[in-house]
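See structure below.
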Amino acid sequence: MSLRENPPREHAPEEDEYHTWTGKARGALLRRLPADKLLPEDQPSYVASWIYVFGMGAIVSLVFILASGVILGLNGPAWYHLSDLGHFVNSVHLWSVELFFMTMVVHLWGKYWMAAWRGGRTLTWITGMGAFLVSIVTAFTGYLLQTNFDSQWIAFEGKDALNSAGIGAWFNVANLGQIFMFHIILLPLAVGAVVALHVLLVRMHGVVPPLEAAESDAQLQTGVRPDSEEAGR
Amino acid sequence: MHDLVSIFASLDSPGIYLGWGAFQIQLGNLIVILVMILLFVLALFLPFPSGRKRK
Amino acid sequence: MNNPRLRATRADKDGLARRPWRGTVREYDLFKELTVALVVMGILTLGLSAIFGSPDEASVTLKSWANAAPADFVATATAELAGSSETAGYGPPYNNTPDATQTLGPLDLQSLSGVQLPIDTANDLVIDPLSTLNAPPPELADWVKASDAQRTGWSTAYSDALAKATDNDPANVAADAGAYGPVPVLTDSLLTMAKQGALDGVLAAKGDFYNFDYTLGTLFLGDGAYFGDLATAQHLTGDQWGMMNETGNTPGQSWLWLFSFWYQVEPFASAPNADLLVVLLMLLLSVALTLAPFIPGLRDIPRWIPVHRLIWRDYYRRR
């Protein structure tokens, strides 16, 4: 229930310009996420804090995780035990995961204290939490794939929680084949999909304005409004 | 600093554990958690360089 | 007409977050931030990897166990024959041991899954591996012919005798002709098989060429004391916050701190269904944080404790 109509975007395509399902889908997508929202050149003036850099830090860490994971995958699970280069790539995989979780958690803390789910951004918050939770499961399967003493013990100890929940047969921590599939295919796809959706939602809705921000704030007064006849309320 | 590095770098060295009763934490994990808290606090307090303003 | 105006202001305030921002903006370069982040995080990742590396503590094999702790190995093999090992009494998904599952009131998820990975400890861990030998011990036939009661009698008697023997060493077991049946020979043959490294391959591949599944070997190792003692020395067990620990000093899964925490405190620490309780509690907490925008109280904390005044201090200063 807003006081004022949202001004129409420039070049907003009319619904009846499209005749096919494809065209209508394209229209809907472009309306929700026009190019200047997807790849913006500016941000609202309130986006001025170091807390905003941690989301990007997490995404970039994920890039390093995937890159080192691809190299490990191409060489097979035993490679890192035998080769110095392999061991180094394994270290990169480990440390990019540590940095991924560190940046992601600081990002999560920041977004919580901003109550960043306001203004129709609930799904953004939910997908962010989804990315966090799926990443935890993915990391767990990675620890099981180390094929060393640590992974042996985690498999033995970890089975009890999964069995108590009734999923120990389908997520059998001692079945390397199963865990390998989870870790290198199913879960990375899930993490990638959830993170991609999360980022698109962030771009769609924009960065949440400050708590207690009001139309009377100076930053909103100096802005040039497209519907200038309404300006100066 | 060299000692610290060698403690971490040696795979054979037993872990260092800090504990208070039921609470017990491995040094590596503690450092990770402290660094996260430090990053969060720094992000809140450090001034952010002001970018070019535009209307 | 004060009241409607007040309501309108409040609605407008919420609406502000809903509408595209129309106030002042600052220049922002998404690709530049991405590039800077790639460089900074790249240096950090490669630097940490070069300095601290990653741990790779060699795995334990049935061979190394049999050689390092033969008495423990024989005691465990005997328990597998007697059906008194942890695995034999585990319940689903391995077997149907009554009253073994973790339940919460009527909730019994473990039984619901059924016996999906059936394991008969005597046959799968001792008898079948022995029968793959080129020259299996003749006593194997005695075991196969015997009744269940007879088998349990022999293996339980030998189990008790091992527990009483000096150093639990099979060589020091009190002689009691006939009471143990073929069990001493069978477990000693299995020990020899394990010491030579043959048992690792047999348990893993189960007579096939390919193998992906290490369930049998992992459970057999876990039934003994040797494996757990090694884990305890590395601070990896559940009551040592082990779930979040890595070997040595390398940071582990610190994000599992809350999961690990519950196992340290009552009522969870001594609950027979601790795993189920902790899993359900963590599921509940995860769902709660995910649905925080809908939960009164949880979603209001950021308003009550105004950390946002720091984050947006520049904005508030120039209102």
**Request:** Could you work out, residue by residue across A:100-109, how many beta carbons of other chains sit within 10 Å of that residue's beta carbon, and then give the average as an integer?
**Result:** 5
**Prompt:** Given a cut-off of under 8 Å on Cα pairs at least six residues apart, what relative contact order in percent is computed for chain C?
**Reply:** 16
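Assuming a ≥ b ≥ c are the square roots of the Cα gyration tensor eigenvalues, decide whether chain C counts as rounded (a/c under 1.5), prolate (otherwise, with a/b larger than b/c) or oblate. Spell out each step's value before the answer.
Details: a/c = 3.39, a/b = 2.33, b/c = 1.45.
Taking the square roots of the gyration eigenvalues as a ≥ b ≥ c, chain C is prolate.
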**For A:Asp42, distant residues with modelled amide H under 5 Å away** = C:Tyr28
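At 222 nm, what helix-only mean residue ellipticity would chain A give, in deg cm²/dmol to the nearest 500, using -39500 (n - 2.57) for each DSSP H run of four or more? It would help to have the intermediate numbers written out before the result.
Numbers: 10 runs with 140 residues, N = 233.
Calculated from helices alone, the mean residue ellipticity at 222 nm is -19500 deg cm²/dmol.
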**Fill in**
Its Cα gyration tensor gives segment C:18-119 an equivalent ellipsoid whose semi-axes in whole Å, largest first, are 54, 30, 9
**Asked** Taking N as the number of residues in segment A:7-131, what value does Rg over Cα atoms divided by 2.2 N^0.38 Å take?
**Response** 1.50
**Request:** May I ask for the angle, rounded to the nearest 10°, between helix C:70-82 and the longest principal axis of chain C, with both axes built from Cα atoms and the value confined to 0 to 90°?
**Result:** 90
**Prompt:** With the contact rule set at Cα under 8 Å and sequence spacing of 6 or more, what percent relative contact order holds for segment C:183-266?
**Reply:** 14
**Asked** Mind listing P(r) for segment C:62-233? All alpha-carbon pairs, 5 Å bins, whole percents.
**Response** 1, 8, 17, 20, 20, 16, 9, 5, 2, 1, 0
**Asked** How much mean residue ellipticity at 222 nm does chain C get from its helices, if each DSSP H run of length 4 or more adds -39500 (n - 2.57) and you divide by all residues, to the nearest 500 deg cm²/dmol?
**Response** -15500 deg cm²/dmol
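So if R0 is 56 Å, what FRET efficiency would B:Leu42 and C:Gln116 give, r being the distance between their Cβ atoms, rounded to the nearest 0.05? Mind showing how you got there, number by number?
Working: r = 49 Å, r/R0 = 0.88.
Given R0 = 56 Å and the Cβ-Cβ separation, E is 0.70.
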**Asked** Under the Kirkwood approximation for Rh and a Cα-based Rg, what ratio Rg/Rh is obtained for the protein assembly as shown?
**Response** 1.08
**Request:** For segment C:248-254, just list the computed ³J(HN,Hα) in residue order, Karplus coefficients 6.51, -1.76 and 1.60, θ = phi - 60°, integers in Hz, with x standing in for Gly and Pro.
**Result:** x, 9, 5, x, x, 8, 4
**Prompt:** segment C:146-176 to segment A:142-219: how many Å between their Cα centroids?
**Reply:** 48
**Request:** Measure nothing fancy, just the Cα-based angle from helix C:30-52's long axis to the longest principal axis of chain C, in degrees from 0 to 90, nearest 10.
**Result:** 30
**Request:** Over all alpha-carbon pairs in segment C:114-191, figure out the percentage whose distance exceeds 15 Å.
**Result:** 59
**Asked** Label points 7 Å out from Cα along the Cβ direction at A:Leu33 and A:Leu66: separation in nm?
**Response** 1.4
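How high is the FRET efficiency between C:Thr232 and C:Thr166 when r is their beta carbon distance and R₀ equals 22 Å, given to the nearest 0.05? List each step's numbers first, then the result.
Numbers: r = 24 Å, r/R0 = 1.11.
Efficiency, from the Cβ-Cβ distance: 0.35.
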**Request:** Relative to the longest principal axis of the C-alpha atoms of chain C, give the angle of the C-alpha long axis of helix C:2-18, reported between 0 and 90° and rounded to the nearest 10°.
**Result:** 50
**Fully extended contour minus Cα-Cα distance, from C:Phe212 to C:Asn123, at 0.36 nm per residue** = 30.0 nm
**Asked** How large is ³J(HN,Hα), in whole Hz, for each residue of segment C:133-139 in order, when computed from phi with the Karplus curve 6.51 cos²θ - 1.76 cosθ + 1.60 and θ = phi - 60°, using x for Gly and Pro?
**Response** 5, 4, 10, x, x, x, 5
**Complete:** Hits for chain A under the membrane-span-like helix rule (DSSP H, Cα axial span at least 15 Å, Kyte-Doolittle mean at least -0.5) are A:54-75, A:84-113, A:122-144, A:149-164, A:187-205
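Quick one: divide the alpha-carbon radius of gyration of chain A by 2.2 N^0.38 Å and tell me what you get. Don't jump to the answer; show the numbers that get you there.
Numbers: Rg = 23.0 Å, N = 233, 2.2 N^0.38 = 17.5 Å.
Relative to the rule-of-thumb radius for its length, chain A sits at 1.32.
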**Request:** Could you go through segment C:149-164 in sequence order and give the Karplus-derived ³J(HN,Hα) for each residue, using 6.51 cos²θ - 1.76 cosθ + 1.60 with θ = phi - 60°, rounded to whole Hz, and x for Gly and Pro?
**Result:** 5, 4, 4, 5, x, 4, 5, 5, 4, 5, 4, 5, 5, 4, 5, 7
**Request:** Can you tell me the relative contact order of chain A? Whole percent, Cα pairs under 8 Å, sequence separation 6 or more.
**Result:** 21
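Between B:Leu30 and C:Arg318, what's the calculated FRET efficiency when r is the beta-carbon distance and R0 is 30 Å? Round to 0.05. Don't jump to the answer; show the numbers that get you there.
Details: r = 40 Å, r/R0 = 1.33.
That gives a FRET efficiency of 0.15.
Just so you know, all these numbers are worked out from the coordinates, no wet-lab data involved. Just so you know, these numbers come straight off a predicted model, no measurement behind them. Cβ: placed from backbone, ideal geometry, glycine included. Neighbour counts: every protein chain shown.
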